[in-house]
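S.K.: Dropping a structure here in structure tokens format, bear with me for questions.
The values are calculated or read from the model by the stated rules, or taken from the named source; none is laboratory data. None of these values were measured; they are calculated from a predicted model. Ideal geometry is used to build each Cβ from the backbone, glycine not excepted, and the neighbour counts take in all protein chains shown. Just so you know, the surface numbers come from the protein's heavy atoms only, side chains and all, with ligands and any DNA or RNA stripped out. Shrake-Rupley method; radii C 1.70, N 1.55, O 1.52, S 1.80 Å.
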Amino acid sequence: MVNVGMNSLVELAVDLGGLKMKNPFTVASGTFASGREYADLWAATMDTADCDGLATKLAFNPDKPLSILGALTTKGVSHKSWPGNTGIRITETASGMLNSIGLQNPGVEDFCTKDISWFGSQGVPVIVNVSGHSVDEYRRVVERLEREGAVTAYEINISCPNVDCGGMSFGIDPRAAAEVTQACRALTKRPLIIKLTPNVTDITEIARACEAAGASGLSLINTVAGMAIDIRARKPLFDRKMAGLSGPAIKPIALWAVHRVYGAVKLPILGMGGITNAEDVFEFMLAGATAVAVGSQNFTDPLSVPRLIVEFAELCEREGVKNIDELIGGLE
Ligand SMILES: Cc1cc2nc3c(=O)[nH]c(=O)nc-3n(C[C@H](O)[C@H](O)[C@H](O)COP(=O)(O)O)c2cc1C
């Protein structure tokens with residue numbers, strides 16, 4: 001048994017493009033809000049009999065529940081408030097889910113007022129996920145967040161399939177991807193992680209463009225474009241027709257993307273897409289991820305991340321891994 005919090009036999013700390021993480025785990029943007037609900041739930045349940053001693057193994061501090069994470073990643077934040085999409089927003093699929101949230105959020109000012117001061121009390125590095133309809137909107141969000149000390153890094157979402165203007169349109173064109181990256185880079189010295197879409201012919205082309213434009217790291221993958229149909233109405237289920245597929249169904253696509261991008265650029269990768277267990281995390285790291293984000297699995301089991309941290313450390317110990325750096329891109 002490892003005690004991840006105090007004296008794990010495995011060195012779990014990683015450096016994600018200047019972002020120091022005590023373990024390789026963060027949450028996928030949009031599946032964890034700003035973390036308050038999960039913090040309350042973890043504080044209330046971590047020490048119960050159902051949790052198999054998780055609290056002890058993680059040296060869990062109920063006053064700072066999120067401090068067990070390597071980093072917290074927030075929901076997407078835009079310059080002004082966005083209402084999100086109309087109609088149905090989520091449906092379950094075989095081995096995954098489709099969502100069409102449309103990046104609903106109250107805007108950066110509200111985010112700064114309500115969430116930022118709370119982050120400061122949590123003792124966890126914070127990656128703020130940034131959305132925009134235009135280069136100028138991305139720029140304005142980063143500019144505003146630069147005034148906040150509790151922000152550790154940025155994840156720039158140029159890959160959301162669920163908004164009409166902006167979002168994925170930047171992530172499918174290397175020039176546009178570079179332009180957003182460069183504009184944000186000019187505003188900050190903080191780690192700048194660009195989040196890529198798998199909905200392209202060659203993801204390595206976009207990755208190279210972001211690297212050349214000054215990204216500190218890459219995050220992949222965002223959701224895979226898909227649709228669902230209401231057979232009685234004979235209409236697409238989602239008002240925008242297209243929605244984003246996530247969950248275990250996309251893990252092979254994500255692994256392939258991580259593996260290819262790892263071979264194409266020198267930047268560290270935050271890998272995600274369908275992670276549900278410790279073996280998945282091991283696979284992502286062997287494919288080339290420096291750190292991982294857990295998304296849809298939070299909806300299946302809200303305690304999945306604490307469990308995964310412990311199970312991954314135990315797996316590494318069983319596999320004779322002393323320092324997880326040796327796993328990154330460690331395919332034979
Ligand atoms: C309900 C929902 C909301 C999401 N919102 C965002 C978001 O605001 N910004 C973003 O970059 N990605 C967003 N994503 C994508 C996830 O961060 C992640 O890239 C994707 O779900 C794949 O990981 P998973 O299979 O573990 O869920 C969202 C995904 C879901 C399911």
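S.K.: Considering the chain as a Gaussian network with a 10 Å cut-off on Cα pairs, which listed residue, THR300, THR204, THR26, attains the greatest mean-square fluctuation?
M.R.: Top of the fluctuation ranking is THR300.
S.K.: What nm value, rounded to one decimal, do you get for the distance between ASN323 and ILE231 when each label is placed 7 Å out toward the C-beta?
M.R.: Distance between the two pseudo-spin positions: 5.7 nm.
S.K.: Which residues' amide hydrogens lie under 5 Å from the amide hydrogen of ILE156, considering only partners 5 or more residues apart or on another chain, with H built in the peptide plane?
M.R.: Under 5 Å from the amide H of ILE156 lie the amide H atoms of VAL130, ILE193, ILE194, LYS195, each far enough along the sequence or on another chain.
S.K.: Give me the accessible area per residue for the stretch 14-326, probe 1.4 Å, as a whole number in Å².
M.R.: Accessible area per residue: 40 Å².
S.K.: Could you sort the peptides 60-67, 283-290 by per-residue average Cβ neighbour count (10 Å cutoff), highest mean leading?
M.R.: The most tightly packed comes first, giving 283-290, 60-67.
S.K.: Further, regarding this structure: Who wins for biggest fluctuation among GLY84, GLY274, GLY30 in a Gaussian network model of the chain, springs between alpha carbons below 10 Å?
M.R.: Highest fluctuation of the listed residues: GLY84.
S.K.: Let me ask another. Using the crude model of +1 on Lys and Arg Cβ and -1 on Asp and Glu Cβ, and no other charge, please compute the dipole size for the chain relative to its Cα centre, in debye to 20.
M.R.: With only Lys, Arg, Asp and Glu charged at Cβ, the dipole is about 900 debye.
S.K.: Continuing with the same structure: Run down the aspartates and glutamates and flag those whose C-alpha is under 14 Å from the C-alpha of LYS20, throwing out any fewer than 8 positions away in its chain.
M.R.: Within the straight-line cut-off, LYS20 pairs with GLU11, ASP325.
S.K.: If you don't mind, another one. Among 106-114, 10-18, 307-315, 87-95, how do they line up by average Cβ neighbours within 10 Å per residue, starting with the highest?
M.R.: Result, highest mean first: 307-315, 10-18, 106-114, 87-95.
S.K.: Same structure, new question: On a 0 to 90 degree scale, rounded to 10, what angle separates helix 36-45 from the longest Cα axis of the chain?
M.R.: 30
S.K.: Set the Förster radius R0 to 41 Å, insert the Cβ-Cβ distance between GLN104 and THR56 as r into 1/(1 + (r/R0)^6), and round the FRET efficiency to 0.05.
M.R.: Approximately 0.60, to the nearest 0.05.
S.K.: Can you give the net charge of the other residues whose Cβ lies under 13 Å from the Cβ of GLY244, counting K and R as +1 and D and E as -1?
M.R.: +4
S.K.: Continuing with the same structure: Whole angstrom only: what separates the Cα centroid of the stretch 33-56 from the Cα centroid of the stretch 105-144?
M.R.: 25
S.K.: If you don't mind, there's one more thing I want to ask. Given contacts defined as C-alpha pairs under 8 Å and at least six residues apart, what's the relative contact order of the chain, whole-number percent?
M.R.: Dividing the mean separation by the residue count of the chain yields 20 percent.
S.K.: Using the alpha-carbon centroid of each, what span in Å lies between the stretch 217-261 and the stretch 69-90?
M.R.: 17
S.K.: Hey, what angle do you get for helix 203-212 against the long axis of the chain, alpha-carbon based, 0 to 90 degrees rounded to 10?
M.R.: 80
S.K.: Run the accessible area of the stretch 1-88 with a 1.4 Å probe and give the carbon-and-sulfur part as a rounded percent.
M.R.: With neighbouring chains kept in place, the figure for the stretch 1-88 is 53 percent.
S.K.: Testing the spin-label approximation: label points 7 Å from Cα along Cα→Cβ at GLU279 and ASP136. State their distance in nm.
M.R.: Computed distance between label sites GLU279 and ASP136 equals 5.2 nm.
S.K.: A further question on this structure: For the stretch 265-283 and the stretch 305-332, what is the separation of their C-alpha centers, rounded to whole Å?
M.R.: 11
S.K.: Could you tell me what percent of the DSSP beta bridges with both partners in the chain are antiparallel, to the nearest 5?
M.R.: Rounded to the nearest five, the antiparallel share is 40 percent.
S.K.: Apply the a/c threshold of 1.5 to the C-alpha gyration tensor of the stretch 28-110 and tell me whether it is rounded, prolate or oblate.
M.R.: oblate
S.K.: May I pose another question? Share of the stretch 95-191's accessible area from carbon and sulfur, percent, 1.4 Å?
M.R.: Heavy-atom surface of the stretch 95-191 belonging to carbon and sulfur, 1.4 Å probe: 50 percent.
S.K.: To the nearest 10 degrees, how steeply does helix 251-264 sit against the main Cα axis of the chain, on a 0 to 90 scale?
M.R.: That works out to roughly 90 degrees.
S.K.: So, one more: Shape call for the stretch 213-255 from the C-alpha gyration tensor, a ≥ b ≥ c root eigenvalues: rounded (a/c under 1.5), prolate (a/b greater than b/c) or oblate?
M.R.: oblate
S.K.: What accessible surface, in Å², does a 1.4 Å probe find on LYS20, ignoring ligands, DNA and RNA and rounding to the nearest 10?
M.R.: For LYS20, the solvent-accessible surface is approximately 140 Å².
S.K.: Restricting the count to DSSP beta bridges whose residues both fall in the stretch 69-145, what percent are antiparallel, rounded to a multiple of 5?
M.R.: Just about 60 percent of them are antiparallel.
S.K.: For the chain, compute the orientation-averaged projected area of the C-alpha convex hull (one quarter of its surface), in nm².
M.R.: Over all viewing directions, the chain projects a mean Cα-hull area of 16.1 nm².
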